[in-house]
1. Output the residue which, of all residues in segment 168-205 that are over 15 Å from LEU233 (Cβ atoms) and of a type in the set (Gly, Ala, Ser), is surrounded by the most Cβ atoms within 10 Å (Cβ to Cβ).
2. So which residues in segment 147-178 are of a type in the set (Lys, Arg) and more than 20 Å from the chain's Cα centre (by Cα)?
3. Consider segment 326-380. How many of its residues are in contact with a Leu (Cβ under 7 Å, 6 or more places away or on another chain) and without any contact (Cβ under 8 Å) to a residue 60 or more places away in the chain?
4. Out of all the residues in segment 113-149, which are in a helix (DSSP H, G or I), buried (at least 20 other Cβ atoms within 10 Å of the Cβ) and acidic (Asp, Glu)?
5. Could you list, in sequence order, all residues of segment 114-144 that are touching a strand residue (DSSP E or B) at 6+ places or on another chain (Cβ under 8 Å), closer than 15 Å to GLU248 by Cα and among the β-branched types (Val, Ile, Thr)?
6. Can you find, within segment 260-300, the residue that is nearest to ALA241 (Cα to Cα) among those that are at pLDDT 90 or above, of a type outside the set (A, V, I, L, M) and in contact with an Asp or Glu (Cβ under 9 Å, 6 or more places away or on another chain)?
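The values are calculated or read from the model by the stated rules, or taken from the named source; none is laboratory data. Computed from a predicted structure; not experimentally measured. Cβ placement follows ideal geometry from the backbone for every residue including glycine, while neighbour counts extend to all protein chains displayed.
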Amino acid sequence: MTASPKTPSCPEVIVCPFCALHCDDVTLDPQGRPVVECELATTEFRRALATPTSPRLGKQNPSNSDIDGADVSGDDTDTLERRLSDTIRDRAKTAERIVLVTAGTDLQTARELDDLASADPRVSIRIDASPSRQAIATAVSREGVVAATIADVRRHADQIWLLGIRPEQYPRLLERLIDPDRPATVHQSPNGITADDLASLVLADPNAPPTDIPPTDIPPTDMPPALASSRYLTVVVGDHAFRPVEAEAAAEMLVQWIHRLNANTRAVIVQLDRASTDRCVAAWRGNRLLDADRDAITDRELRIRIGAANPANPEAADPVTLQVGGAPSVHHKAHAYVPAAEVGVHRNGAVVRGDGTVTLPLSKIAESPLPTATEWLRSNIFASKPPQKAKTPQKAEPPQKAKPPQKAKPPQKAERQP
């Protein structure tokens, strides 16, 4: 059944939950349905408000076999979901390691995932992030960086470098970054930059005169004069900014270059991180960094994805055992799938925008009988206490020998007073 919009108490303007920009100007029509000129948001809102995808117990490709090879073609939805829950619960009981993978969640979900990881030593959280995204997050945590909000860029930037950003990822990016009353020059490198070309940026003379080549035709090796002459340079780092094999080194050099430019001008880095909320929660609660999901899956491991896979991450690890919520992706396989209510559509919540600077509210605009992803996990996998490691028995201490009684001291004679 299609989710019905909750029109009586809906706000007139909502925040979009479906990309790292989290545009805060999405309006609702009289029927309570979102209206936004963004192909990505339109597609995702339509999917989230439609009839939920049925649970699936089998491979991502069309198949009637479940994880253990049994035929499930005759099962109805309730029977299939019950068998799925039983199968995953049995896996969880014997798993030595449970990995919760996400491309990004809301604030409440991030906290609840962190609670699960804190309560069960087998559980860890991994980010479904591209090598470039993980590398720049690591570099910034080590070196620090001069950052800015999207509003700051809109007010002050005169040159913007979109590094490794594909147009379909953020359809409204330039609209959000550039004020029509004060246009900025935009350099676009959708395929990113190599470490060699980035090294030439770091080593170039920041005081060299600007080039006469039009910005759209500037090759990477000629970019230093054009970019360094900016009064306020913004580098927006995307998922394809660096080559995977050299992402960490390239990210370090980019951060160093930004630091160097700030000696004479203003230069900032803006990240568009889908997992900004999850990284913030890990930092707030334990000053921890979340690793990317790169390890190969093992026989004694249960790997669960929260929400849809990250389409910008071609380096994703092996297929997960289960995906809870989001749209199933044919490119990142999951052996089982169960739908879930989504925060920002079926639940109220909050999210840290991809630039890591602003917390925005997410609004409920429709009803759904489904639980959220973490509610489903608690009911079906983490309902019982995790197995405790057997404690090694401590050796009993040998009885101490009784000390012989001490002789009483004779009473001292009282001193005469003069």
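1. Ranking the qualifying residues of segment 168-205, first place goes to GLY192.
2. Step one: filter segment 147-178 for residues of a type in the set (Lys, Arg), giving 154-155, 166, 172, 176.
Scanning segment 147-178 gives ARG154, ARG155, ARG172, ARG176.
3. 3
4. Within segment 113-149, just ASP114 meets the criteria.
5. Scanning segment 114-144 gives ILE136, VAL140.
6. Top of the filtered list is GLN271.
One line per residue, one yes/no per condition, for (1) within 18 Å of LEU227 (Cα to Cα); (2) touching a Gly at 6+ places or on another chain (Cβ under 9 Å); (3) outside any helix (DSSP H, G or I); (4) touching a residue at least 24 places away in the same chain (Cβ under 8 Å):
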{"position": "ALA151", "(1), (2), (3), (4)": "no, no, no, no"}
{"position": "ARG154", "(1), (2), (3), (4)": "yes, no, no, yes"}
{"position": "ILE160", "(1), (2), (3), (4)": "yes, no, yes, yes"}
{"position": "ARG166", "(1), (2), (3), (4)": "no, yes, yes, yes"}
{"position": "TYR170", "(1), (2), (3), (4)": "no, yes, yes, yes"}
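Residues are listed down the side, and each one gets a yes or a no for (1) farther than 23 Å from ASN191 by Cα; (2) assigned to a strand (DSSP E or B); (3) in contact with a helix residue (DSSP H, G or I) (Cβ under 7 Å, 6 or more places away or on another chain); (4) among the acidic types (Asp, Glu):
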{"residue": "LEU233", "(1), (2), (3), (4)": "no, yes, yes, no"}
{"residue": "PHE242", "(1), (2), (3), (4)": "no, no, yes, no"}
{"residue": "ALA247", "(1), (2), (3), (4)": "no, no, yes, no"}
{"residue": "LEU254", "(1), (2), (3), (4)": "no, no, yes, no"}
{"residue": "ASN264", "(1), (2), (3), (4)": "yes, no, no, no"}
{"residue": "ALA267", "(1), (2), (3), (4)": "no, yes, yes, no"}
{"residue": "ASP273", "(1), (2), (3), (4)": "no, no, yes, yes"}
{"residue": "ARG279", "(1), (2), (3), (4)": "yes, no, yes, no"}
{"residue": "ASP295", "(1), (2), (3), (4)": "yes, no, no, yes"}
